[in-house]
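Every read-out reported here was derived from the displayed coordinates using simple, explicitly stated rules and does not represent laboratory data. Here the structure is a predicted model, which means the values were calculated and not measured. Virtual Cβ from ideal backbone geometry, glycine too; neighbours counted across all protein chains shown.
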Amino acid sequence: MNRRNDFWERERECERLFEATGPYWYVTTESLDWLLYKSRDEFIIGTNIIAISAAESGFSILSDIQMNNHHHVMGRGSLDQANSFRDQLRKKMRRFQQSIGGGSLSEWNIRIDDTEDLKQFRNRIAYTDRNAYVVRRDSTPTGYPWGSGHLMFNGTLWTMNPGTEWGKLTIDRRREICRSHNISLPETYRVLGGMILRSSFVDYKRTENLFNSANQYFTMLSRHAEADIEIANMLGESVQLPNEEVFQIVGKWFGGRSLRDMTVSEKLNAAKRMKTALASSNKQIVQVLQLPSEDVDRMFPRVL
């Protein structure tokens, strides 16, 4: 069988697996205007809350990421299990924020969206795993510590510290991690540095099996992600792509021409398109198109 036939046979296998093992749900929290997590220790508590909520609801997590002010989770299970996960996450996070004097989560919106097909599943996984990469200067898609992206197609995981099995921790340590007297969690859970390891509660192998290959996953992860803007708009989020990606996207709009060869009129039209299609900031428009900042600010007045 040649390589082309191998590809399409693998695609059919992925389609069959997706149809046979769903439904898959995309759980997203609203982006707050204050920080859920302000320190490494608080991120660790947030990770544990996600793991415990999954265990108590029976919702199987396939991919997730914690940002400072929101979460994305792709999971598998019934709608009742997805709703239970949402309710547990909201309850535990509200209690945690109250304990540290954080903001109010009384009206915290958490939406659950059905994943309609394999293409949408893959796009959402790539969007989730790219989330830190596109907004943080210090992160790579697989190097962000508060998400499951580093698990995907990573053949070096076996060389890393496997942590301590849940059942081997003292009762006091388990209560400290759960922040509760209820310490019943799967024996497969493992802990390192007070954090339940994602490698023990994220079913990343199933996620891998829904991609044709490691190459396909990493291509989507590093692609010129105009699709990211579409998903962000659906979720009501603000996502700005790195300048390097925007350079290439705008170049494609003009047939691959160099931005230096564009006329002023073309640059102004490109600026309008960057604002509407890519949600670019005024600063990014100035940097990419080399337009005077005062001209850009006149086109898109800043809201004070």
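With a Förster radius of 35 Å, plug the Cβ-Cβ distance of residue 215 and residue 78 into 1/(1 + (r/R0)^6) and report the FRET value to the nearest 0.05.
Computed FRET efficiency for residue 215 and residue 78 comes out at 0.60.
Helix 118-135 against the longest principal axis of the chain: what's the angle in degrees, Cα atoms only, rounded to the nearest 10?
80
Output wanted: per-residue J couplings in Hz (rounded whole) for region 36-48, from phi through Karplus 6.51 cos²θ - 1.76 cosθ + 1.60, θ = phi - 60°, x for Gly and Pro.
Per residue, the Karplus-derived 3J(HN,Hα) values read 5, 10, 10, 7, 4, 4, 6, 4, 4, 4, x, 4, 5 Hz.
Tell me, rounded to the nearest percent, the portion of alpha carbon pairs in region 8-106 spaced more than 19 Å apart. It would help to have the intermediate numbers written out before the result.
Details: 2192 of 4851 pairs.
That fraction is 45 percent.
DSSP loop (so not H, G, I, E, B), at most 15 other Cβ within 10 Å: list which trypsin sites (Lys or Arg not before Pro) in region 100-174 pass both filters.
Those that pass, being in a loop and sparsely packed, are 136, 137.
Using the basic label-point model (7 angstrom from Cα toward the beta carbon), what is the residue 138 to residue 287 distance in nanometres?
Placing both labels 7 Å along Cα→Cβ, they lie 1.8 nm apart.
I'd like the Karplus ³J(HN,Hα) series for region 204-209: coefficients 6.51, -1.76, 1.60, θ = phi - 60°, whole numbers in Hz, and an x wherever there's a Gly or Pro.
Once rounded to whole Hz, the list reads 5, 5, 5, 4, 4, 5.
Answer with one residue from 121, 84, 243: the one whose Cα lies farthest towards the positive end of the charge dipole of the chain, charges on Cβ with Lys, Arg +1 and Asp, Glu -1.
The Cα lying farthest towards the positive end belongs to 243.
For region 243-304, which trypsin sites (Lys or Arg not before Pro) are in a loop by DSSP, counting at most 15 other Cβ atoms within 10 Å? Please list the in-between numbers first.
Values: sites: 252, 257, 260, 267, 272, 273, 275, 283, 298, 302; in loops: 257, 302.
In loop regions of region 243-304 (DSSP not H, G, I, E or B), the sparsely surrounded trypsin sites (Lys or Arg not before Pro) are 257, 302.
Can you tell me the 0 to 90 degree angle between the C-alpha axis of helix 226-235 and the longest principal axis of the chain, rounded to 10?
60
Using DSSP, restrict attention to beta bridges with both residues in the chain and report what percent are antiparallel, rounded to the nearest 5.
Numbers: 21 of 22 bridges.
In the chain, approximately 95 percent of DSSP beta bridges are antiparallel ones.
Place a +1 charge on the Cβ of each Lys and Arg in region 16-161 and a -1 charge on the Cβ of each Asp and Glu, then give the dipole magnitude about the Cα centre in debye, rounded to the nearest 20.
Here region 16-161 has a charge dipole of around 260 debye.
Pick from 280, 31, 184 the residue whose mean-square fluctuation is largest in a GNM of the chain, springs joining Cα atoms under 10 Å.
Looking only at 280, 31, 184, the biggest GNM fluctuation is shown by 184.
For region 249-259, in order, what is each residue's ³J(HN,Hα) by Karplus, 6.51 cos²θ - 1.76 cosθ + 1.60 with θ = phi - 60°, in whole Hz (x at glycine and Pro)?
Whole-Hz 3J(HN,Hα) from phi for region 249-259: 5, 5, x, 5, 4, 10, x, x, 5, 5, 4.
Can you give the longest run of the chain that contains no GluC sites (Glu not before Pro) sitting in a DSSP loop with at most 13 other Cβ atoms inside 10 Å?
The reported range is 188-304.
Residues of region 199-219 with backbone nitrogen within less than 18 Å of a virtual label 7 Å along the Cα-to-Cβ line of residue 6, please, listed as ranges.
Output list for this probe position: 209-219.
Sort 181, 71, 150 so that the residue with the fewest other Cβ atoms within 10 Å of its own Cβ comes first and the one with the most comes last.
With the fewest neighbours first, 181, 71, 150 line up as 181, 150, 71.
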